Structures are given as C-alpha cells and as structure tokens.
Amino acid sequence: MSGLNDRILGLGLLVLAVAYGWVAQQWPEPFGGTEGLGPETFPTILSVVLIIGSLYLMVKPDPDAQWPWGKTAIELLVAVIVLVIYAVILEPLGFVISTTLVVGTLSWRMGASPGKAFLTGLISAVVVFGLFNYGLSLSLPAGLLEIN
C-alpha cells in the first residue's frame, strides 16, 4: 500500500480546500456593487491551488514517503504552532506586526540569523500589505498601527 499516507493527506486537503473555497464565496457583496476583485478573490485562488495540489497528491503519491522523526518532526510542530498563533494575533496586532513576527520566526527556525530573518519578515510584510491595501484595494488589518 505505498502512497496511502499521501492519498489520505490529499483527501483531507481536498476537503479543506473545497470547504475554504465555499466559505469564501459566502462573503457578502461589497457595498456599491460587484467589482473585479472582491474579498473572495484571494481565498478562492488559494482554494483552487490547494485543490490542484491535493488532487496531484492523491493521483501521484510518493511511493517511499517516510514520516519525519526527531528534530524534523519538532520543527514541523513548531511551524504549525507558530501559524496557529499567527491566526490568533493577526487581528489584534495587525498584518504588518504579526506577519513580521511569524515570517521572522519561521525564517530564523530555518537557519537565518535573527537580524536577517526579522528584516526579511518586515520587508515582506510591508510589501504584501502595500500590494493588498493599495494595489488590490483589499484591506488587511492594521491592528496597532491603525491611524484614527
């Protein structure tokens, strides 16, 4: 039964992708009518990419995939915990601060020096915030940096 783990993971990801895409379509239409890009656009794109990836995983699984053990498993667990914390702090702290912290932490865990890791986090957070808020007109939470 080679590849069974990948097929099970692919099926779980497919269910997640379909549910995520469906929820994205349930958001109300913005005031003023339909626009080319709305709040559902980016989640829908992510859902389609995840559907394609999960189908690929189910159709062409890795025949000799091994579960990670030891340090690799701990690093994966740390990454999952950091991403769960990110979901919790995103709204109160805002996109720029929370993304800087999360990207910096994950980059540091992957071997970058702390200074370079958090500088990468800050630059990527500011660029993505600017792209979404000003380029695509899709608001990301400002959190503590909100100007009243």
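Just so it is clear, none of the values below were taken in a lab; they were calculated from the coordinates. Note that this is a predicted model, so its numbers are computed, not measured. Ideal geometry is used to build each Cβ from the backbone, glycine not excepted, and the neighbour counts take in all protein chains shown.
In nanometres, what is the gap between the two model label sites at Arg109 and Ile147, each 7 Å from Cα along Cα-to-Cβ?
3.4 nm
Add +1 for every Lys or Arg and -1 for every Asp or Glu among the other residues with Cβ under 13 Å from the Cβ of Trp108, and state the total.
Surrounding charge for Trp108 is +1.
Sorted by packing (mean other beta-carbon atoms within 10 Å per residue), highest first, where do 100-111, 50-61 land?
100-111, 50-61
To the nearest Å, what is the center-to-center distance of segment 124-148 and segment 53-122, using C-alpha atoms only?
Cα centroid to Cα centroid, the span is 21 Å.
Is there a quick way to get the dipole size of the chain? I mean about its Cα centre, with the Cβ of Lys and Arg at +1 and of Asp and Glu at -1; what is the value in debye to the nearest 20?
That gives the chain a dipole magnitude of about 420 debye.
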